[in-house]
């Protein structure tokens, strides 16, 4: 008891003084869990989530093409971080097998399918399909295609795999063809024609594809969609409407994170042209920064005019926003953004389970992915860990 | 001219030592206003700020007597002993001995606190702690509320100003300014002084030293205000940034920068 009393009260001084061990432990633990999400499927994709409630015996869900795709860059980052170690061989094998699997399920249109892969070109599209054992034939998904593009582009950049280049071209052509002249995405089985604002996270992969394919129409189409999102920015509050699932105004920080990160990355890729996208993202992030700093935590979601929902914390959203703040810190050098990222990170890192995973929400029964441990939470946690760790190390090395 | 001393925490040494020093200099306040530390309102506010676990730890340390040798207050205690001030730390007893009126409120911004101040008509106030001050409360003072801010103004406003100053390569400084509106540390500045730092200093020791400097500078500011010779310099909102509580992951960098700053200062 006396030891407790004598320790510095607000968890402030001396704690985590050497953060290398702290980050290393968190990072390794999370990476191990993420790798196991692939191993459960014989390395053909990563399971979407783990939950004994939804899947009492198997625990793991089926492989999820969307997240398997965008986890590939995270795995490459991990491999590069652990460069010298033997165990990265396994990771290379996982990436290779996953890419091969993804290419095998690409649809004739160039799109990648929605849902969790069951086998024989059939998918579970909703959580209740697991209980009803109801499968669906492959359906086109613009959003999922965009996320998978991120993985394929990275794999192509790392290996020069020509199969990937063909797939990237086909997928980017599909995405280009699914945008109407007014910037609305039409071919998405989940969002239908609502074209939510978080589809900026499809425009950005399309720009990544443009860098590889050098096809100017891919860039033009991405800009068309980004410009449409710009019309949804409220100039007074900086709130971007339709950021939620299916274009709703009530959004979790997960889709807000998608929207803002998509804008920031698109702006970076289009520089100096895309400065308006960055401005919109920075204004929105400035609002989020103040709300979270004053309250000492980030709400799980927001509705119109940044009305917060304090009932839960969206874990993946916090990590995505931490990444956004880190991008802002990189571009502005403003240490307050680094601090904000640290605060979001510290809170989530403390909620890491012993096996390295995270529940979708805090508390676990919160609105987002209740009682499930999604693989993309771990992906964003790994991305945030590495970015934050590097930023702190760079800052440490900077002379006054 | 009469002034009011405002503080929140009933246990730390700051208000008691301020009163001892003010008595010595014959510039005592006309009354003190104490915000109850464990009121439901404050507990709600503190739970949000510190989190449940840290708040519980604080409350436990509040009810235990011993002062941690490494705490920020030990510098204040050392200075008080050097000045030969009385050892009494119970503010209620000090007020009784000095015949000072003592008001206890749940929050500074409650209507009862504002009504009380409107009746009493203090010329100005000295603020040690107690939360954000609202317009209605500030309007009760003709010459505003004096506050010692442990950071360089106008550049570093808000929380953990010492840490933020140091990490930005600015020397740790105490600035006395006047709180005139709800803006955080945006009021006109009266006096400022750079804290002397040594090679062996850590953020914790600098924080401790800044508490001593805050007391002496507040007393100096009160003297100037009472003598009618206070001359303020305005600051514009865009001249500085507002900072929030620094995360513990950034503290090792702040410590490193402090070491570097002390080396630079020693070379100078």
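Overview of results
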{"quantity": "Using alpha-carbon coordinates, inclination of helix B:14-25 to the longest axis of chain B, degrees", "calculated": "70 degrees"}
{"quantity": "Potential extension, residue A:20-residue A:287 segment - 0.36 nm per residue separation minus Cα distance", "calculated": "93.0 nm"}
{"quantity": "Max mean-square fluctuation residue, GNM over chain A, Cα-Cα springs under 10 Å, options A:390, A:372, A:211", "calculated": "A:390"}
{"quantity": "Two-site FRET efficiency, residue A:248 against residue B:30, from Cβ-Cβ distance with R₀ of 56 Å, rounded to 0.05", "calculated": "0.45"}
{"quantity": "Acute angle (nearest 10 degrees) that the helix B:251-267 long axis makes with the longest principal axis of chain B, alpha-carbon atoms", "calculated": "80 degrees"}
{"quantity": "19 Å reach of a label modelled at residue B:78, 7 Å along Cα-to-Cβ, counting backbone N of region B:186-217", "calculated": "B:194-217"}
{"quantity": "Degrees, to the nearest 10: B:40-50 long Cα axis against longest axis of chain B", "calculated": "10 degrees"}
{"quantity": "Packing-based order for B:87-94, A:32-39, using average beta carbon neighbours within 10 Å, highest first", "calculated": "A:32-39, B:87-94"}
{"quantity": "Inter-part distance where region A:26-100 and region B:67-131 are each reduced to a Cα centre, Å", "calculated": "59 Å"}
{"quantity": "Near-label residues of region A:359-378 by backbone N, under 20 Å of a point 7 Å along Cα→Cβ of residue A:52", "calculated": "A:359-366, A:369-375"}
{"quantity": "Fluctuation leader among A:311, A:31, A:322 - chain A, Gaussian network, Cα springs under 10 angstrom", "calculated": "A:311"}
{"quantity": "Contour minus Cα-Cα distance for residue A:215 and residue A:87 (0.36 nm per residue)", "calculated": "42.3 nm"}
{"quantity": "Those residues of region B:172-199 whose amide nitrogen sits under 19 Å from the label point placed on residue B:139, 7 Å along Cα→Cβ", "calculated": "B:179-184"}
{"quantity": "Within a Gaussian network of chain B (alpha carbon springs, distance under 10 Å), most fluctuating of B:105, B:145, B:215", "calculated": "B:105"}
{"quantity": "Computed [θ] at 222 nm, helices only, for chain A once each DSSP H run of length n ≥ 4 contributes -39500 (n - 2.57)", "calculated": "-18500 deg cm²/dmol"}
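Taken together, the values in this text are just the output of simple stated rules run on the coordinates, not laboratory data. Keep in mind that what you see is a predicted model, and the values were worked out from it rather than measured. Glycine also receives a Cβ, built like all others from the backbone with ideal geometry; neighbour counts cover every protein chain displayed.
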